[in-house]
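Note sheet for the following structure.
Each reported figure results from applying straightforward, stated rules to the coordinates on display, with no laboratory input. Keep in mind the model is a prediction, meaning the values are calculated, not measured. Cβ coordinates were reconstructed from backbone atoms using ideal geometry, including for glycine residues, and neighbour counts include every protein chain displayed.
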């Protein structure tokens, strides 16, 4: 295991998503693991922390989420730019070796069957809150975050440390057509 | 009117939100205008474009959205850092002159009653899609984007131009405690 992976208190887990990064969504069922990229993931509540994510009906990952009742969101970084793009543009339906083609290595944390993508900056394991109307009408899935971790080289003391970490740890923010932005400089307001 | 405000094609409106910026949410009803900041806004569909936004029950803006059936999301920028922070930490319930205290100036586009915040980088007017269960249970609101505009100094040809614009146009990405990041450098993958 990577000694830099540290638990994140659940009431601070929203901060991992608050700045709107593109995420990788992973899930597993019946021996099949998969990972896809998603730009449409968002925090939904502080405590207990909840998230939303949009999963298109064409994705294999969606099937695994519906079957297992669990998914993980993880925050990839600039060092995983190609991996993230490939994970978002290739489908396990067509490429049985998608994960290998994307250079994705998976690991699991003790007590959780949901696979996690090695090398990311943070991970949130989520239990699906079934909402059939949202899922069918909007492809919108809601999960409660049941565990979270971050790499302490880029997130510690409850805050991202992008300004102090190597630039390869910057989060990715996708637009379209292979065009991402990395997160940039800090802009702090003095609390009144 | 500002000659830099240009319409954005509806099927590209998702790109205004795709990189996860903190937004300002505005609404109006019965002669009352209000604006709040929100980090939890997200694209939900491409065409017709839809969005989600989380509006706490304590906010005056939520009442105006429920009463009018419309809201706008707009993308503030680094030049509006203090404005954005103030809009997210002060309530019209307690401060009748909140908008003046936040240095917010409003304008309206022809054909729409929803007020828009001057100086932002982009604006999306949304028609509420009533989903009472989501609104009551999760504070989650869904809207269909019915019109969108952007300032052509920072968004044109269907893409953000952060790398070519003055740094004051960078979008804001809130974490907590007055701690924002500005969007950073482009990271492009060659389409295969």
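Okay, here's what the table says:
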quantity	calculated
Per-copy distances of the residue A:137 label point, shortest first, in nm (7 angstrom along Cα→Cβ)	1.2
Cα Rg, Dmax, the stretch A:109-192, angstrom units	16.5, 44
Nearest-to-axis residue of chain A, judged by beta-carbon position, where the axis maps A onto B, in Å	A:20, 1
Ellipsoid equivalent to the stretch A:62-134 - semi-axes via the Cα gyration tensor, in Å	21, 16, 12
Nm distances between copies for residue B:6, ranked from closest, using label points 7 Å along Cα→Cβ	4.6
Normalised convex hull volume, the stretch A:96-135, alpha-carbon set, Å³ per residue	129 Å³
Sequence ranges B:118-131, A:94-107, A:46-59, ranked by mean other-Cβ count within 10 angstrom, highest first	B:118-131, A:46-59, A:94-107
Residues B:40, A:160, A:169, sorted so that the one with the fewest Cβ neighbours within 10 Å comes first	A:169, B:40, A:160
Percentage, to the nearest whole number, of Cα pairs in the stretch B:145-192 over 18 Å apart	46 percent
Inter-chain shielding of A:38-44 (mean C-beta neighbours from other protein chains, 10 Å cut-off)	6
Rounded FRET efficiency, nearest 0.05, which uses the C-beta distance separating residue B:113 from residue A:157 and R0 of 45 Å	0.50
Rg to Rh, two decimals, where the protein assembly as shown supplies the alpha carbon set and Rh follows Kirkwood	0.95
Helix-derived mean residue ellipticity, 222 nm - over chain A, DSSP H n ≥ 4, -39500 (n - 2.57), to 500	-4000 deg cm²/dmol
Teacher prompt: residue B:185 distances to equivalent labels in other copies, 7 Å Cα→Cβ, nm	1.3
Residue order, fewest to most surrounding Cβ atoms within 10 angstrom, among A:183, B:5	B:5, A:183
Square roots of 5 times each gyration tensor eigenvalue, C-alpha, the stretch B:1-129, largest first, Å	21, 16, 15
Distance (nanometres) between label positions extended 7 Å along Cα→Cβ at residue B:95 and residue A:103	4.8 nm
